[in-house]
Amino acid sequence: MGRGQGEGERWIFIRNEYTSGKLEGMEICGQYFSRETLRRIEGELEREPGLSRRELARRVCRWLEWRSPKGQLKEMSCRKALVELHRRGVLTLPECRQAYGFRKRREGWEDKVAELPEGREVSCSLEELGGVEVIPVPGRSSKLSKIWRRLMERDHYLGSGPLCGAQIRYLVRSEQYGWVGGLSFSGATWR
């Protein structure tokens with residue numbers, strides 16, 4: 001097999017098909033997509049033209065047993081991979097039918113979080129800050145997630161997101177001042 005290295009991915013061609021440019025398979029987002037898998041995806045889209053990208057990603061994850069260490073489907077990684085395959089012309093995905101959910105949820109959620117104090121700049125030494133906790137934010141519908149989003153909307157020049165792909169968020173709380181910050185880490189983008 002001949003192998004070509006790209007940034008974050010590996011294209012795999014069978015040697016005798018390389019000159020004709022025939023794709024044998026590719027590894028993207030840590031998952032190998034064989035020609036058979038690509039045909040199965042195309043067949044699914046032909047059978048169900050109204051299939052959403054989200055449902056397609058769930059099905060592909062089940063077919064490939066693509067799961068996180070906790071056993072959850074790696075749906076976001078799969079969606080990123082499918083979009084990249086679409087961008088490269090390997091697959092044709094259906095159009096996105098609606099705006100992403102985070103745009104809908106933003107309206108009015110601020111009123112539901114009352115325990116966030118008015119914004120004030122904190123300028124002191126770490127010792128003056130008192131005990132500091134870094135608290136993981138469990139899920140997007142948790143109370144801590146709402147506090148994190150409100151802090152970001154209020155204090156960060158880019159607002160609260162959206163964060164793309166796999167992500168983890170933390171809140172920072174001080175004994176002296178309460179909520180003083182938030183952190184987030186998310187997967188890299190393709191560009």
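The values are calculated or read from the model by the stated rules, or taken from the named source; none is laboratory data. Note that the coordinates shown come from a computational prediction; the quantities given were computed from them, not determined experimentally. Positions of Cβ are generated from backbone atoms using ideal geometry, with glycine treated the same way; all protein chains shown enter the neighbour counts.
Some notes on this structure:
- Leading residue by the ranking (modelled with the lowest pLDDT) among those in region 138-172 that are of a type in the set (D, E, K, R) and either within 19 Å of the chain's Cα centre (by Cα) or surrounded by fewer than 17 Cβ atoms within 10 Å (Cβ to Cβ) (or both): ARG140
- Matching residues, region 1-49, being small (Gly, Ala, Ser) and at pLDDT below 50: GLY2, GLY4, GLY6, GLY8, SER20
- Scope region 121-137; condition more than 20 Å from the chain's Cα centre (by Cα) and part of a loop (DSSP other than H, G, I, E, B); matching residues: GLU121, VAL122, SER123, CYS124, SER125, GLY130, GLY131
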